[in-house]
């Protein structure tokens, strides 16, 4: 690039996601999880989630718009291991339990908790996002896009295009 040597690195950050040499996303899920934890902690510090002035529905909407979106950013392209999915699901359900003020020793099954809050598991969210991403690709899958991905273009462009 501009006659400067390009360093060969193990991983780098691009658009908020960590790209790894071996295509693994272990570091990316850890980073996403730590960013989501920090976001949730800030919301709890600001007493938004502790306040009695907001309904449960409003608190869950705040959680979805602030924490869940940070957690799932770029998840459409992740190659996720089962252990990573369990960690992501565990974090999400623990946040929802704290919002609902369900603490130990009180117990509730995760499925019941998600049904009560009209929420999906993180695993289901990732699957839905992947299918949506594939659907978008399938819709726009035509000759021009194929040529774009292959890297050559047959037609002559008009001036200004």
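Points worth noting:
- Subset tally (residues that are surrounded by 14 or more Cβ atoms within 10 Å (Cβ to Cβ) and more than 16 Å from residue 67 (Cα to Cα)) for the range 98-107: 1
- Selection over the range 113-135 of residues that are in contact (Cβ under 8 Å) with a residue 24 or more places away in the chain and surrounded by 13 or more Cβ atoms within 10 Å (Cβ to Cβ) gives a count of 10.
Just so you know, all these numbers are worked out from the coordinates, no wet-lab data involved. Everything numeric in this text was worked out from a predicted model, so none of it was measured. No Cβ is skipped: glycine too gets one built from the backbone with ideal geometry, and neighbour counts run over all protein chains shown.
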